[in-house]
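Student: The structure is given below, and queries will be raised subsequently.
The values are calculated or read from the model by the stated rules, or taken from the named source; none is laboratory data. This structure is a prediction, so every number in the text was calculated from the model and none was measured. When we count neighbours, we look across all protein chains shown, and the Cβ atoms used for this are built from the backbone with ideal geometry, even at glycine.
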Amino acid sequence: MGQRAEVREVGLRDGLQLVKTVLSTEQKLEWCRRAAAAGMPEVEVTSFVPAKVVPQFVDADAVARGAVAMGGFVAAALVPNLRGAERAFETGVAKVNYVLSASEAHNLANVRRSTQESLDDFVRIVARRDEVAKGRSLIGAGIATAFGCTISGVVSEKRVVAIAEQLARAGADEIIVADTVGYGNPGQVERLVRAVVRAVGDVPVACHFHDTRGLGLANVVAALAAGVHRFDASLGGLGGCPFAPGATGNIDTEDCVFLLESLGYDTGIDIEALVKLRETVEGWLPGERFSGAIARAGLPKTFRAPVETAA
């Protein structure tokens, strides 16, 4: 068995936030069940945002509770503020992912407050977790627009590292470095992610990439070189950022698993089962754009086959 690499499904949250069709609670829970059955260790099942802002998540409580009741995988939820975190804690999800932006302009547009105000709120969220869910819920801290911003352009790498250090000191159980609008390139990714890993010490680091300009999987390889082995991905490449008009979505789950397994990493995930799940989800979401090569071309005959090497 190769070294472990973890792929987490975020299609139920990031993938669904911009689609036209609102899936039923039952469909979302079927997606959870089948992703877990395929070996997915963690699924970000919903987002605790106001339903008037994102109607897709009107059933966030029901989806989160249903996912928790399934067991067998880490049910995670995204939250933008303390109120969202409190709702998530009440459902018993094993992980709450908080997000803020390194870009001040993006943070103001996305959650209507400064980055420092979001950092202050994170401290309150950790304190609240320790009051009501200590030992039951981990808290991941995502740094959005870490590699650039469609509103303000260049984002200081030193600022990203400083934010990661603050989040780690405040009690984050994981730091997630996110290329929210798909601006990152492999050289930049390896440099910045390596700096974040060094800065946060023992706190695990994950990466969240979008494939806006075709560099998503190349950025995964760069992050591996920097020491990261945890990645978010979305079934069929669904998703995207509302502040990146015309952008493609997240890196494709099936293709990301294929890449990692081809490199010799053990993900524990059944790619064929993911492709079948994708076919179901495509039927649920007519007219949406799905990406990814494995679903089109299939797995090569050489996949996982022993090879007589030249060395």
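Student: Would you confirm whether any residue within the stretch 35-56 is out of contact with any strand residue (DSSP E or B) (no Cβ under 8 Å at 6 or more places or on another chain), charged (D, E, K, R) and part of a helix (DSSP H, G or I)?
Tutor: no
Student: Still on this structure, I have one more. When the stretch 211-236 is examined, which residues are found to be modelled with pLDDT of 95 or more and not hydrophobic (A, V, I, L, M, F, W, C)?
Tutor: GLY216, ASN219, GLY227, HIS229, ARG230, ASP232, SER234, GLY236
Student: Moving on to the next point. Quick check on ALA273: is it part of a helix (DSSP H, G or I), small (Gly, Ala, Ser), farther than 13 Å from GLU9 by Cβ and modelled with pLDDT of 95 or more?
Tutor: It is false that ALA273 is part of a helix (DSSP H, G or I), small (Gly, Ala, Ser), farther than 13 Å from GLU9 by Cβ and modelled with pLDDT of 95 or more.
Student: Continuing with the same structure: Just for the stretch 96-108: of the residues that are aliphatic (A, V, I, L, M) and over 20 Å from the mean Cα position of the chain (by Cα), which one is nearest to GLY184 (Cα to Cα)?
Tutor: ALA105
Student: Conditions first: (1) within 22 Å of ARG8 (Cα to Cα); (2) touching a residue at least 60 places away in the same chain (Cβ under 8 Å). GLY287 passes all but one, so which condition is the exception?
Tutor: (1)
Student: Here's a follow-up. Are any residues in the stretch 73-87 out of contact with any helix residue (DSSP H, G or I) (no Cβ under 6 Å at 6 or more places or on another chain) and aliphatic (A, V, I, L, M), and if so, which ones?
Tutor: If the condition is that a residue be out of contact with any helix residue (DSSP H, G or I) (no Cβ under 6 Å at 6 or more places or on another chain) and aliphatic (A, V, I, L, M), then VAL74, ALA76 are the ones that fit.
Student: Moving to a separate point now. Determine which member of the set ALA127, ALA105, ALA88 is within 22 Å of VAL181 (Cα to Cα) and out of contact with any Leu (no Cβ under 8 Å at 6 or more places or on another chain).
Tutor: None of the other options fit; the residue is ALA105.
Student: Condition first: free of Cβ contacts under 8 Å to residues at least 40 places away in the same chain and among the polar types (S, T, N, Q). Now tell me which residues in the stretch 21-62 satisfy that.
Tutor: Matches in the stretch 21-62: SER24, THR46, SER47.
Student: Related question: Would you confirm whether any residue within the stretch 244-258 is touching a Cys at 6+ places or on another chain (Cβ under 8 Å) and either farther than 24 Å from PRO41 by Cβ or among the hydrophobic types (A, V, I, L, M, F, W, C) (or both)?
Tutor: Yes: one or more hits.
Student: Quick check on my filter: what residues within the stretch 169-217 are under 28 Å from ARG289 (Cα atoms), part of a strand (DSSP E or B) and either free of Cβ contacts under 8 Å to residues at least 60 places away in the same chain or among the small types (Gly, Ala, Ser) (or both)?
Tutor: Listed by number, the residues that qualify are VAL177, ALA178, ASP179, ALA206, CYS207, PHE209, HIS210.
Student: Any chance you could count how many residues in the stretch 89-143 are in contact with a strand residue (DSSP E or B) (Cβ under 7 Å, 6 or more places away or on another chain), aliphatic (A, V, I, L, M) and in a helix (DSSP H, G or I)?
Tutor: 4
Student: Quick one: would you say GLY171 is touching a Phe, Trp or Tyr at 6+ places or on another chain (Cβ under 9 Å) and on the phi > 0 side of the Ramachandran plot?
Tutor: yes
Student: Next question, about the same structure. Test ALA69 against the stated conditions and say whether it is out of contact with any helix residue (DSSP H, G or I) (no Cβ under 6 Å at 6 or more places or on another chain), within 26 Å of VAL132 (Cβ to Cβ), without any contact (Cβ under 8 Å) to a residue 12 or more places away in the chain and assigned to a helix (DSSP H, G or I).
Tutor: yes
Student: Which residues, counting only those in the stretch 164-180, are buried (at least 23 other Cβ atoms within 10 Å of the Cβ) and of a type outside the set (Gly, Ala, Ser)?
Tutor: Across the stretch 164-180, the qualifying residues are LEU167, ILE175, ILE176, VAL177, ASP179, THR180.
Student: What is the one condition in (1) on the phi > 0 side of the Ramachandran plot; (2) in contact (Cβ under 8 Å) with a residue 12 or more places away in the chain that GLY153 does not satisfy?
Tutor: (2)
Student: Return the only residue of ALA94, ALA127 being of a type in the set (A, V, I, L, M, F, W, C), farther than 21 Å from ALA218 by Cα and surrounded by fewer than 16 Cβ atoms within 10 Å (Cβ to Cβ).
Tutor: That would be ALA127, the only listed residue that is of a type in the set (A, V, I, L, M, F, W, C), farther than 21 Å from ALA218 by Cα and surrounded by fewer than 16 Cβ atoms within 10 Å (Cβ to Cβ).
Student: Which members of the stretch 280-311 meet the condition of being outside any loop (DSSP other than H, G, I, E, B) and under 22 Å from GLY216 (Cβ atoms)?
Tutor: Across the stretch 280-311, the qualifying residues are VAL281, GLU282, ILE294, ALA295, ARG296, ALA297.
Student: Follow-up. Could you tell me whether the stretch 266-281 includes any residue that is small (Gly, Ala, Ser) and buried (at least 22 other Cβ atoms within 10 Å of the Cβ)?
Tutor: Checked the stretch 266-281: no residue is small (Gly, Ala, Ser) and buried (at least 22 other Cβ atoms within 10 Å of the Cβ).
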